1. Can you tell which of Val160, Val152 is under 15 Å from the mean Cα position of the chain (by Cα) and aliphatic (A, V, I, L, M)?
2. Name every residue in region 159-203 that is small (Gly, Ala, Ser) and surrounded by fewer than 20 Cβ atoms within 10 Å (Cβ to Cβ), in order of residue number.
3. Tell me, which helices (runs of 4 or more DSSP H) lie completely within region 81-165 with 1 or more residues that are among the hydrophobic types (A, V, I, L, M, F, W, C) and free of Cβ contacts under 8 Å to residues at least 40 places away in the same chain?
4. How many residues does region 50-76 hold that are more than 23 Å from Ala158 (Cβ to Cβ) and either acidic (Asp, Glu) or surrounded by 13 or more Cβ atoms within 10 Å (Cβ to Cβ) (or both)?
5. What is the one condition in (1) basic (Lys, Arg); (2) touching a Pro at 6+ places or on another chain (Cβ under 8 Å); (3) more than 22 Å from Cys202 (Cα to Cα) that Arg20 does not satisfy?
6. If you take the residues in region 204-216 that are in contact (Cβ under 8 Å) with a residue 40 or more places away in the chain and assigned to a helix (DSSP H, G or I), which one is surrounded by the fewest Cβ atoms within 10 Å (Cβ to Cβ)?
7. What number of residues within region 65-81 are touching a Phe, Trp or Tyr at 6+ places or on another chain (Cβ under 7 Å) and of a type in the set (Asp, Glu)?
8. Run Thr53 past the list (1) within 21 Å of Asn161 (Cα to Cα); (2) among the β-branched types (Val, Ile, Thr); (3) assigned to a helix (DSSP H, G or I) and report the number of the one that doesn't hold.
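The values are calculated or read from the model by the stated rules, or taken from the named source; none is laboratory data. Every value quoted in this text rests on a predicted model; they were computed, and no experiment measured them. Don't worry about glycine lacking a Cβ; one is built from the backbone with ideal geometry, like all the others, and counts go over all protein chains shown.
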Amino acid sequence: MKRFSGKVAVVTGGGHGIGRAIADAFRAEGAKVHIIDLQRGDWYVGDIGDKRTLEEFSGQVIRRGGGVDYLINNAPPLMKGIDDCSWEDFSSALAVGVTAPFYLTRLLAPYFNPGASVINISSSRDRMSQPQTESYAAAKGGIAALTHALAVSLAGKARVNSISPGWINTTDEEIAGADALQQPAGRVGRPEDIAELALFLCSDQAGFITGENICVDGGMTKLMIYHGEHGWTYREP
């Protein structure tokens, strides 16, 4: 029997990239998967940054499924920096990246089945940054903190964990050379790397794990970089 036969999973941003890999992985393990995504497809099409859209989507999920076993808050926020990110842009990023995961969890929590699990997709950018990425970094830092808060509030009802992907190649092109080798693991990540961890965190084998943020980045955030090492030279901006 498949691990999640008869279970119901909800995946935001499940129509492409990491979200699609997660949705496919849960389906392969027997789960009924409900997806919401901005892209057109055979799922609920809508903007999770909109309150009414979340309410309508969650209502549809409950009408069709009756209860929810797994909620994966994956939809990515806008990435803009301090030079060109407007009030509206920044507010939109937080709405998609933090408010929507909170509100969708709140809407679905009364319908969580026993053993329910929530997975929030953060990013290694919740702990490190490139220039001009403030809206994305703030949203990802917010969802990482939201994770441990929800884990405490939902104790006994659902386990809540977050995954922080590093560089994940969501294209069909191979990434090799220095881009791959700069990661201690020797390669860029694949969406399936994140999907496999999501499956584990939702399984009974992870029953003692809650409130955690697990970084999956091939070790890149652990690599110390100094001027003159590994062919890297600092240049003043």
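1. Values: Val152 fails: under 15 Å from the mean Cα position of the chain (by Cα).
Selected residue: Val160, the only one of Val160, Val152 that is under 15 Å from the mean Cα position of the chain (by Cα) and aliphatic (A, V, I, L, M).
2. Ala176, Gly177, Ala178, Ala180, Ala185, Gly186, Ser203
3. Working: elements: 87-94, 100-108, 134-153.
Because the criterion is at least 1 residues that are among the hydrophobic types (A, V, I, L, M, F, W, C) and free of Cβ contacts under 8 Å to residues at least 40 places away in the same chain, the helices (runs of 4 or more DSSP H) in region 81-165 that meet it are 87-94, 134-153.
4. Residues flagged as more than 23 Å from Ala158 (Cβ to Cβ) and either acidic (Asp, Glu) or surrounded by 13 or more Cβ atoms within 10 Å (Cβ to Cβ) (or both) within region 50-76 amount to 1.
5. Of (1) basic (Lys, Arg); (2) touching a Pro at 6+ places or on another chain (Cβ under 8 Å); (3) more than 22 Å from Cys202 (Cα to Cα), only one is false for Arg20: (3).
6. Only one residue fits best here, namely Asp204.
7. 0
8. (1)
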